Amino acid sequence: MGCFHAERPLFYYITDRRRLDGRSFAVCVRRALAWGVDFIQVREKDLPDRDLYALVRKIVGMARGTGCRVLVNGRADIALAAGACGVHLPGTGMGVADVRGWSPEGFLVGVSVHSLAEIRKAAAAGADYVLAGHLFPTPSKEGMGPSLGLGFLARACAATSLPVFGLGGMKPERLGPVMDAGARGIAGIRLFQDRAEFERLKRMRLSRSATRLNRCGEAARR
């Protein structure tokens, strides 16, 4: 799909309003959209269906005209009803084939993966992308096994033609190593919700873009 073909790292924001410590969720989303985040996954598992639907509708409205794709964690029904672009499926949740059987053409389906076998299964079932992790220690994955690391990410990217996003413990300085491992982009919660981390990520992206342009210029002069 065209939304995965940008000639730069892609940025995937996973929401968690409970970790904002009283800061405005709407302001956080608007800031990410204004910067140009590519995907927003609404992951607010504690909300009742009616409230989740209303929140997704609001974010879809905020994202309209920006090029950002809004997805909903685990709830394809609410994603469709609210006008979102797709659903993200946890590794232990509904299968890709279950969603593909009744969702419209162009509806994005992503999957969380933690092994090469899960990646191959997702690709065979028709997933559009995978989130691979967790790669580094992170508070949101405490008690969920050891971190998989960059070695796993490199093997994951080599094992599939699907776009792979690195997830778990993402920090601005890890953008380069994650992309060098073959990922299409990075995904995270704190990376986009913490203002200081977010500002550092913006600077890191500009620095990486400048480095790429310099390399292209040098190649053209040879």
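Things worth noting here:
- Filter result (closer than 22 Å to ARG205 by Cβ and either in contact (Cβ under 8 Å) with a residue 40 or more places away in the chain or surrounded by fewer than 22 Cβ atoms within 10 Å (Cβ to Cβ) (or both)) within region 40-60: GLN41
- Taking the criterion of being within 25 Å of CYS28 (Cα to Cα) and surrounded by fewer than 14 Cβ atoms within 10 Å (Cβ to Cβ), the only residue of region 84-113 that qualifies is PRO90.
- Summed over region 61-80, residues that are within 23 Å of VAL130 (Cα to Cα), of a type in the set (A, V, I, L, M) and surrounded by fewer than 20 Cβ atoms within 10 Å (Cβ to Cβ) total 1.
- In the set VAL111, VAL56, VAL72, only one residue is in contact with a His (Cβ under 8 Å, 6 or more places away or on another chain) and under 23 Å from LEU20 (Cα atoms); that residue is VAL72.
- Residue tally, condition part of a loop (DSSP other than H, G, I, E, B), touching a Leu at 6+ places or on another chain (Cβ under 9 Å) and more than 27 Å from GLN193 (Cβ to Cβ), over region 103-150: 3
- Residues that are in contact with a helix residue (DSSP H, G or I) (Cβ under 8 Å, 6 or more places away or on another chain) and either at pLDDT below 95 or part of a helix (DSSP H, G or I) (or both), drawn from region 36-57: ASP49, LEU52, TYR53, VAL56, ARG57
The values are calculated or read from the model by the stated rules, or taken from the named source; none is laboratory data. Just so it is clear, the model here is predicted, and its values are computed rather than measured. Reconstructed Cβ throughout: ideal geometry from the backbone, glycine too, with neighbour counts over all protein chains shown.
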